[in-house]
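The values are calculated or read from the model by the stated rules, or taken from the named source; none is laboratory data. Please read all numbers here as calculations on a predicted model, not as lab measurements. We place every Cβ from the backbone using ideal geometry, glycine too, and count neighbours over all the protein chains shown. These area figures cover heavy atoms from the full protein model, side chains too; ligands, DNA and RNA do not enter into them. Shrake-Rupley method; radii C 1.70, N 1.55, O 1.52, S 1.80 Å.
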Amino acid sequence: MLKDIIRSKGMKQTFIAQKIGVSVVTVSNWVQGKSAPKDKHLKKLSELLDVPEKELVH
């Protein structure tokens, strides 16, 4: 789900990591479903991708 949203926005994981203040590995883990963003990162991710937070968690 997150992978599709990022792709549809034309963003790279490195860009997202820099904007949110996390490592690329962290973003990759979110995309792969290995972990989920903490609340503070979820809010930033939601704002950056311009999608509701509930669409970013599964």
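Carbon and sulfur together cover what percent of the accessible area of the chain at a 1.4 Å probe radius?
50 percent
Considering every pair of different Cα atoms, what Kirkwood radius, in Å, is found for the chain?
The Cα-based Kirkwood calculation yields 11.0 Å.
Leaving out ligands and nucleic acids, and using a 1.4 Å probe, what accessible area per residue does the chain come to in Å²?
Heavy-atom SASA per residue in the chain reads 68 Å².
Per DSSP helix of 4 or more residues, -39500 (n - 2.57); summed, then divided by the residues of the chain. What does that give at 222 nm, rounded to the nearest 500?
Rounded to the nearest 500, the figure is -17500 deg cm²/dmol.
Charges at C-beta only: +1 for Lys and Arg, -1 for Asp and Glu. How large is the resulting dipole of the chain about its Cα centre, in Debye rounded to 20?
180 debye
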